[in-house]
Amino acid sequence: MKQKMVIKVSMPCGKCRSKAMALVAGATGVSSVEVTGDGKDRLQVVGDGVDPVCVVNRLRKKIGHAEIVQVEEVKEKKPDPPKKPDPPKPEPPKPPVVCYPPTPYYHHHYGGPPPPVVFCDQPSPNGTCSIM
């Protein structure tokens, strides 16, 4: 049975917090430890078969004042039933392939019109334009 417990501990500094977290995390059955509360004075411990009284006694010996605030059973989330796959969407139309006819090098300083642009409806199977 997995349970979640909240323990209030007097932890005035960061070193005390890390020491308390390491102490609780070392207990058998603990799966996660988290510092919570407005003043960072509470430890939220989640584990399977963890005795809250033993954890609090251990904290009192090593850290200082500690008291149990809350102990509750963690309910397992049931997985959602598998969803039906969406029907396949039709593919959007592909844009036409733009093919440029072979022309000599063109530059606006040398004059002459730009090469004409030819649109192909179907590309050739080998990937090159059928006009070329």
* Put a dot 7 Å past each Cα toward the Cβ at Val35 and Lys62; how far apart are the dots in nm? -> 1.5 nm
* **Per-residue ³J(HN,Hα) for segment 5-16, Karplus 6.51 cos²θ - 1.76 cosθ + 1.60, θ = phi - 60°, Hz, x for Gly and Pro** => 10, 10, 10, 8, 10, 7, 10, x, 9, x, 5, 5
* **Amide H within-cut-off set for Val97, under 5 Å, with H built and near neighbours excluded** => Cys120
* Using 0.36 nm per residue, how much length does the chain from Lys78 to Met1 gain when fully extended, once their Cα-Cα distance is taken away? -> 26.2 nm
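FYI, it's all coordinate maths here, none of it is from the lab. This one's a predicted model, so the numbers in the text were calculated from it and none came from an experiment. Backbone-built Cβ (ideal geometry, glycine too); neighbour counts: all protein chains shown.
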